[in-house]
């Protein structure tokens with residue numbers, strides 16, 4: 001009898017380990033609601049004036065779902081079909097100088113965590129993601145402000161499903177930050193690299 005009780009206790013222990021985190025899987029409604037709350041955690045750090053007359057404003061993070069695999073629901077915001085991830089940021093770039101400026105995106109980088117790659121810009125084809133020679137420049141005239149959505153170039157083709165892009169998973173107890181190394185060229189063809197970082201991205205008031 002004692003042996004049977006011991007076996008039952010062991011099975012219960014293994015069962016609790018095997019299903020740990022299942023209670024953290026969100027309903028589709030809760031998942032969508034949390035995803036809509038993703039924002040910069042330090043709003044005062046959204047505007048970044050550079051020494052060369054360019055001002056960059058981080059307008060909003062791009063929060064989408066990473067799908068097609070299973071994620072740890074204790075570490076990340078997960079639903080039955082995926083997890084919340086930060087795919088990129090929308091930004092505005094203003095040229096306050098009296099010279100034409102050119103953002104050389106193909107010679108620039110976007111980094112987060114252990115990943116670094118060539119920025120993937122809105123308007124580009126999926127097949128060109130991460131290819132510096134296929135990444136267009138952006139010309140900004142004096143006084144002009146342009147807007148760009150810049151993504152991580154984590155793109156792959158899934159047979160039968162089409163193109164899929166991924167982002168940096170948003171941890172439940174943390175945030176995501178992107179670092180940019182931008183090459184900016186002047187009208188006289190001289191250029192410089194500038195490094196800038198987004199404010200941390202997360203849930204301003206994490207759900208309990």
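The values are calculated or read from the model by the stated rules, or taken from the named source; none is laboratory data. Just so it is clear, the model here is predicted, and its values are computed rather than measured. Every residue, glycine as well, gets a Cβ built from its backbone with ideal geometry; the counts of neighbours run over all protein chains shown.
Tabulated results
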quantity: Filter result for residue 82 (modelled with pLDDT of 95 or more, within 30 Å of residue 159 (Cβ to Cβ), buried (at least 16 other Cβ atoms within 10 Å of the Cβ) and within 19 Å of the chain's Cα centre (by Cα)); calculated: no
quantity: Count of the range 138-171 residues which are part of a loop (DSSP other than H, G, I, E, B) and surrounded by 14 or more Cβ atoms within 10 Å (Cβ to Cβ); calculated: 6
quantity: Some residue of the range 133-149 being touching a strand residue (DSSP E or B) at 6+ places or on another chain (Cβ under 8 Å) and more than 28 Å from residue 53 (Cα to Cα); calculated: no
quantity: Residue match in the range 50-69 (condition: out of contact with any strand residue (DSSP E or B) (no Cβ under 7 Å at 6 or more places or on another chain) and surrounded by 14 or more Cβ atoms within 10 Å (Cβ to Cβ)); calculated: no
quantity: Some residue of the range 28-39 being surrounded by 19 or more Cβ atoms within 10 Å (Cβ to Cβ), touching a strand residue (DSSP E or B) at 6+ places or on another chain (Cβ under 6 Å) and not in a helix (DSSP H, G or I); calculated: yes
quantity: Test: residue in the range 173-195 that is within 16 Å of the chain's Cα centre (by Cα), farther than 21 Å from residue 44 by Cβ, touching a residue at least 24 places away in the same chain (Cβ under 8 Å) and in a strand (DSSP E or B); calculated: yes
quantity: Residue in the range 36-55 that is under 17 Å from the mean Cα position of the chain (by Cα), within 25 Å of residue 163 (Cα to Cα) and at pLDDT 95 or above present; calculated: yes
quantity: Where residue 72 falls short, out of the listed (1) crowded, with 18+ Cβ neighbours inside 10 Å; (2) assigned to a loop (DSSP other than H, G, I, E, B); calculated: (1)
quantity: Residues of the range 140-160 satisfying the condition of being in contact (Cβ under 8 Å) with a residue 24 or more places away in the chain and more than 22 Å from residue 195 (Cβ to Cβ); calculated: 141, 142, 143, 144, 155, 157, 158
quantity: Residue list for the range 46-69, restricted to those being part of a loop (DSSP other than H, G, I, E, B) and within 30 Å of residue 141 (Cβ to Cβ); calculated: 46, 50, 51, 52, 53
quantity: Candidates 108, 116, filtered to the one that is in contact (Cβ under 8 Å) with a residue 12 or more places away in the chain and in contact with a strand residue (DSSP E or B) (Cβ under 9 Å, 6 or more places away or on another chain); calculated: 108
